[in-house]
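Only one structure is covered here, and it is reproduced in the block below.
The values are calculated or read from the model by the stated rules, or taken from the named source; none is laboratory data. Please read these numbers as outputs of a predicted model, since none were measured by experiment. Glycine also receives a Cβ, built like all others from the backbone with ideal geometry; neighbour counts cover every protein chain displayed.
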Amino acid sequence: MNKISRLNLPLKIGISTLILGSGPLLIILFLETLGIIDVSNPVGPGILAFLTFWPSIILIIIGVVRESIKK
């Protein structure tokens, strides 16, 4: 059994929400810093990151606490 399948559900959801919610904004900012693209105002990815960041952090904390209690 691999390590990802052993993680509990809140931790899996929190990590995936963090990646899917903040990922587009971070990719746009990274590509803009390198000069590959020119995005003057990434409002959509910014709102997505804003709405998903704190819920994902809370789910990750719940998952870590549940994992530490289980062991």
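Observations, loosely collected:
- Of all residues in segment 1-19 being assigned to a helix (DSSP H, G or I) and farther than 16 Å from residue 61 by Cβ, the one that is modelled with the lowest pLDDT: 4
- Taking residues in segment 1-17 that are β-branched (Val, Ile, Thr), and partners anywhere that are at pLDDT 95 or above and part of a helix (DSSP H, G or I), the pairs with Cβ atoms closer than 6 Å and at least 6 places apart or on different chains are 13/59; 17/52; 17/56.
- Near pairs, Cβ below 6 angstrom, 6+ apart or cross-chain, from segment 44-62 (acidic (Asp, Glu) and part of a helix (DSSP H, G or I)) to any residue that is surrounded by 15 or more Cβ atoms within 10 Å (Cβ to Cβ) and modelled with pLDDT of 95 or more: none
- When segment 20-43 is filtered for residues that are of a type outside the set (A, V, I, L, M) and part of a helix (DSSP H, G or I), the ones remaining, listed by number, are 21, 22, 23, 24, 30, 32, 33.
- Criterion applied to 28, 37 was being of a type in the set (Val, Ile, Thr), farther than 17 Å from residue 67 by Cβ, out of contact with any Ser or Thr (no Cβ under 9 Å at 6 or more places or on another chain) and surrounded by 15 or more Cβ atoms within 10 Å (Cβ to Cβ), and the one residue passing it is 28.
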